[in-house]
Amino acid sequence: MRINRRILTVTSLLAALALFGGLAAPDGGAPGLLRGLVAIPAAHADGESEPYAAYREALDVLKNEYYGAKIDAPRTRELTYAAIRGMLFSLNDPFTSFLDPDDWEQMRQTTRGDFEGIGAVLEQMGQDVKVVRPIEDSPAWKAGIKSNDVIISVGTHHPKTGKLLKTTATLGKDINEVVKLIKGPKGTKVTVTVMRKGQSAPISFELTRAHIEPPTVRYWMEDDKHKIGHIMLTDFYEKSDAHLQKAWDALEKQGMRALVFDLRDNPGGLLDIAVDVGSRFVDRGPVVVIQEKNGQRQPLRVRRAQPRRRIPLVVLINGNSASASEIVAGAVKDNGTGILVGEHTFGKGLVQTIFTLSDGSALRLTTAKYLTPNLHDINNKYDDEHRMQFGTGGIKPDIEVKLPEDFDDQDWSDENRRKDVQLQKALEVLRSRLAQAGDRAAR
């Protein structure tokens, strides 16, 4: 079986757009480094039996002796996929997973920013799958699904009549399984039931799937008097850096003198894009350092000269800022090119690589960890059973500010935005920096 290695990805995963099981890299990665999963000898040179032989034997026994339904070619593929999933599950790594051909194709589409679904970014948190954020103007957004909602069940509907056929509990399920239940063609229905903090009863949403084109960048002049721009980056997809460039240019034409760079609820994405984005805020040296399995460290350096002038910068972060977001935040903090405001980040310092298999499926494997430029390891720690202990890693903001309970991140009214105390603190810091710069210029 041919295996092809793809470009590296960094995402909090499992961060998924309610349609697939992770974030993929574009075509054309490094050459394959693994042997095929099937074309491997059944025994060592010393005659010791290989586990592959036991697998083949078990499959042959099933085909020849099982009393139930015939083990035909499609069923053999299902059993093989189940074996691969079981193998990866035994690693106790929430960021390593198997993608069948449909999952892999959907993943590729999503990184290009074009897919069908309900438009919710999901994340695995232990036994739970929670909502990182709904995508603006998506079915999930319009229905009222909110950040940090925990999905407890998914209802499957008939594709033509819309009748509810069955409801599947999701507690303890892998995020890929939950995504498979939620995803589907536009125009079809799905029911998503969540538990929400502060609510004693579950909340159910009947949604109609739609074509989703998530805006990776939003921008505006937050403070026109002081010319403080605001750029919100929602992910690190293939086109994210190009969209960021356009936003930056547009704000500079409006006279931007300082910037709020908002990475809150950004779960990550492609490693290459994280380095591109980080290069905008770092003058020299590495943006991030990759530590390989053998302990060797590879610095990924600034990729472009920065002819643009440096302006006062605040980066907004929170507990859903993960992976690629943490690469950028770590680069800014270690290089002293900006101030981090908000809450402790997620703590995901691992790199995944996509290995595509000959039948169109793929393995998404943790292959390295990353360190900040000053070699800080921000990854969450693991217990004795290799289970991730959330909250033990991450990047601490320079100025910690927690949002009030009644703040609604989907309400863009002026009244609600005044409750965004993280943004208000960012503006306070930048106004002070601009005033100090003005005082120095006047002397």
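The values are calculated or read from the model by the stated rules, or taken from the named source; none is laboratory data. Bear in mind that the values here come from a model prediction, so they are computed numbers and not experimental data. Please note: Cβ atoms are built from the backbone with ideal geometry, for glycine as well, and neighbour counts cover all protein chains shown.
For the range 105-160, please list each of the strands (runs of 3 or more DSSP E) lying entirely inside it that holds at least 3 residues being over 18 Å from the mean Cα position of the chain (by Cα).
Where strands (runs of 3 or more DSSP E) fall fully within the range 105-160 and carry at least 3 residues being over 18 Å from the mean Cα position of the chain (by Cα), they are 150-157.
Would you check if there is a residue in the range 180-194 being more than 25 Å from D262 (Cβ to Cβ), in contact with a helix residue (DSSP H, G or I) (Cβ under 9 Å, 6 or more places away or on another chain), assigned to a helix (DSSP H, G or I) and not assigned by TED's automatic domain parsing to the domain that holds R310?
Checking the range 180-194: at least one residue is more than 25 Å from D262 (Cβ to Cβ), in contact with a helix residue (DSSP H, G or I) (Cβ under 9 Å, 6 or more places away or on another chain), assigned to a helix (DSSP H, G or I) and not assigned by TED's automatic domain parsing to the domain that holds R310.
Within the range 209-222, does at least one residue satisfy the condition of being surrounded by fewer than 19 Cβ atoms within 10 Å (Cβ to Cβ), closer than 30 Å to S432 by Cα and of a type outside the set (F, W, Y)?
yes
Tell me which residues, restricted to the range 218-260, are β-branched (V, I, T) and in a loop (DSSP other than H, G, I, E, B).
Taking the range 218-260 as the starting set, the residues that turn out to be β-branched (V, I, T) are 228, 231, 234, 260.
Listed by number, the list holds a single entry, T234.
For I354, only one of the following conditions fails: (1) part of a strand (DSSP E or B); (2) modelled with pLDDT of 95 or more. What is its number?
(2)
Can you tell me which of (1) more than 18 Å from the chain's Cα centre (by Cα); (2) among the β-branched types (V, I, T); (3) part of a helix (DSSP H, G or I) is the one V275 doesn't meet?
Of the numbered conditions (1) more than 18 Å from the chain's Cα centre (by Cα); (2) among the β-branched types (V, I, T); (3) part of a helix (DSSP H, G or I), the odd one out for V275 is (1).
Which of the residues spanning the range 356-397 are crowded, with 20+ Cβ neighbours inside 10 Å and farther than 27 Å from S279 by Cα?
Selection gives T356, L357, S361, A362, L363, M388.
Suppose we filter T96, T80 for residues that are surrounded by 15 or more Cβ atoms within 10 Å (Cβ to Cβ), of a type in the set (V, I, T) and in contact with a strand residue (DSSP E or B) (Cβ under 8 Å, 6 or more places away or on another chain); which single one remains?
Details: T80 fails: in contact with a strand residue (DSSP E or B) (Cβ under 8 Å, 6 or more places away or on another chain).
It is T96.
Does G347 count as over 16 Å from the mean Cα position of the chain (by Cα) and among the small types (G, A, S)?
Values: over 16 Å from the mean Cα position of the chain (by Cα): no; among the small types (G, A, S): yes.
So G347 does not fit the description; no.
Table: residues versus (1) among the β-branched types (V, I, T); (2) modelled with pLDDT of 95 or more; (3) part of a loop (DSSP other than H, G, I, E, B); (4) touching a Cys at 6+ places or on another chain (Cβ under 9 Å).
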| site | (1), (2), (3), (4) |
| --- | --- |
| Q306 | no, no, yes, no |
| V315 | yes, yes, no, no |
| P373 | no, yes, yes, no |
| I378 | yes, yes, yes, no |
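For the range 248-271, give me each residue that is farther than 13 Å from L316 by Cα and either outside the structural domain of G438 (by TED's automatic domain parsing) or touching a Lys or Arg at 6+ places or on another chain (Cβ under 8 Å) (or both).
W248, E252, Q254, G255, M256, R257, A258, G268
Looking at (1) under 25 Å from the mean Cα position of the chain (by Cα); (2) surrounded by fewer than 17 Cβ atoms within 10 Å (Cβ to Cβ); (3) free of Cβ contacts under 8 Å to residues at least 24 places away in the same chain, which one does E400 not meet, given that it meets all the others?
(3)
If the Cβ limit is 8 Å and pairs must be 6+ apart or interchain, which residue in the range 365-389 that is outside the structural domain of G347 (by TED's automatic domain parsing) pairs with which residue that is of a type outside the set (A, V, I, L, M) and in a loop (DSSP other than H, G, I, E, B)?
Here the result reads none, with nothing in the range 365-389 linked to a residue that is of a type outside the set (A, V, I, L, M) and in a loop (DSSP other than H, G, I, E, B).
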